[in-house]
1. Considering the convex hull of the alpha carbon atoms of the chain, report its projected area averaged over all viewing directions, in nm², one decimal.
2. Put +1 on the Cβ of every Lys and Arg and -1 on every Asp and Glu Cβ in the stretch 102-183; which of C183, T133, F117 then has its Cα farthest towards the positive end of the dipole?
3. Please list the three semi-axes, largest first and in whole Å, of the ellipsoid equivalent to the stretch 251-292, using sqrt of 5 times the eigenvalues of its alpha carbon gyration tensor.
4. Please compute the modelled spin-label separation between Y441 and F351, points set 7 Å along Cα→Cβ, answer in nm with one decimal.
5. Report, as a whole number in µm² per second, the diffusion coefficient that Stokes-Einstein gives for the stretch 286-384 at 37 °C and 0.692 mPa s using the Kirkwood radius over alpha carbon pairs.
6. Compute, for the chain, the length of the dipole vector about the Cα centre, with Cβ point charges of +1 (Lys, Arg) and -1 (Asp, Glu) only. Units Debye, rounded to 20.
7. With a 1.4 Å probe and all protein chains kept in place, how do K145, K203 rank by accessible area, largest first?
8. Roughly how much of I17 is accessible, in Å² to the nearest 10, using a 1.4 Å probe?
Amino acid sequence: MWNSAESFFGSYFIYWISVFLFLSYGASLLTLYLLGILLARRSIKRTKQRSIFLQSDDIVSATDIPSVTIIAPAYNEGKTIVENVRSLLSMQYPYYELLLVNDGSKDDSLQLLIDEFQLEKHDASFITQPIPTASVNHIYRSKLKKFTHLTVIDKNNGGKADAINAGVNFANTELVIFTDVDCIIEQDAILKMVRPYLEEDDKEIIACGGGIGIANDSEIRNGILTELKLPNNLIPLTQVVEYIRAFLLGRMAWSEINGLMLVSGAFGMYPRKRVIEVGGFNPNTVGEDLELCIRLRMHMEEKKIPYKVVYLPETLCWTEGPPDVKVLTLQRDRWARGLWETISLHRHLLFNSKYRQMGWLYYPYWVIFEFSAPIVETIGVLCLIAFSLLGWVNWPNAILLFLAAYLVGCLFSTIAIFMYVKSFNHYQKPKQIVLLLLAAYLEPFLYHPVLVFGQMKGYYKKFFDIKTGWGKMTRKGFKVAEDVTQQMRSKTG
């Protein structure tokens, strides 16, 4: 009988300890989100005030602005590569070069570029390699004067990070922008991205990120986003909400206290010198953007050079989000593996006072809340199932707690949506706002479980050392509106 009572009290103790830990974790996350809203609001206000004093026209007319190279890796992108290169060639910036790195594509990507832009083959033996990469076969440049700032590097396949490193080796500008060839970039994006480098005097800007938006079902003409529409399908529509919340509330908040640890690989600007100093992207991780940013911060901390990582709130780069559950799962699987690899690679940072705030605050946040969140959620669901089978769950209280958590999540999404609508002009129609809010309220039931499943799948692969690559990310391509001049030419023969 004593053993039975001891077992009962032991089990009851485990139950309440579990409840306490989950509630503490949730309360901590809630507090951080509230702080994030306050910091993000202040950061947006500060960014807008600065833009008044240094506008795009002032930057264009200046003679001492930094030169920039856009580096875009491509692998089997034949379906959209011509349209996307046109977009990258339409930038409003006086001193920039576009380097497209063909990473051993097996489709007709290279030939399409040769035909469209009248490219000529050049010898590649003159390229120095401060960062080791797979061998470069040829360099291609256009015979047409209007495309003189386009260079195509054809190299053997080495992966995305390796392709970007090859571009860094070839570039000879002060700043480099890393982007994906399937992204559509705003024409004035470079002008806005260089602004922090021109404004900052006390600290060196080692990375600057721009907002990323979802442009599924939007219209593109001559490589320019001509009509932004909300996606027709629920998965990419909900991802619009997720991006608004993550970029506006998350990254703006961290940027305000110089705690940003990630600049999206889809669109980020760096000083070329610093990228070379740290050895470029790490080809041994699929989370190369996060890993590079952490390594750059470590490098500056060790050299004791004051630095900043900056995020711009305005959406400057548009990409195609996963169109369905299968592709979304693949994406989050890959992101989770990249996070695991980076956290493991730099685990010495955890509570390491040598790296100051990065060691005792920024990196621990990533470990405790970014990396551990899907694990905590999964364990929470399993505990709920086990406790309910044992009859330990007080269902009225549990339902109230679930409703409270759901409503708080919806509140954060609602705040993010209205902050975005108020600050920028992308989604102004009442119907669009209603659809975004609807997606936000459905997200916890239909979208979030897919994210957690994809993340846990990625962790499972890393834990059991299951070898896998990036995964095939099937894309439909943007809706391209035919240019009026092209229509006239086809009619006149």
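The values are calculated or read from the model by the stated rules, or taken from the named source; none is laboratory data. Everything numeric in this text was worked out from a predicted model, so none of it was measured. Because the Cβ atoms are built from the backbone with ideal geometry, glycine has one as well, and the counts that use them run over all protein chains shown. Just the protein is used for accessible areas: all its heavy atoms, side chains included, with ligands, DNA and RNA removed. Shrake-Rupley method; radii C 1.70, N 1.55, O 1.52, S 1.80 Å.
1. Working: hull surface 108.1 nm².
Mean shadow area of the hull around the Cα atoms is 27.0 nm².
2. After comparing all options, I get F117.
3. Numbers: eigenvalues 77, 34, 16 Å².
So the three semi-axes of the stretch 251-292 are 20, 13, 9 Å.
4. 4.4
5. Numbers: Rh = 15.7 Å.
Value of D from the Cα-based Kirkwood radius: 209 µm²/s.
6. Working: 51 positive and 48 negative charges, 92 e Å.
That gives the chain a dipole magnitude of about 440 debye.
7. Working: K145 180, K203 85 Å².
Ranked from most to least accessible, the order is K145, K203.
8. 70
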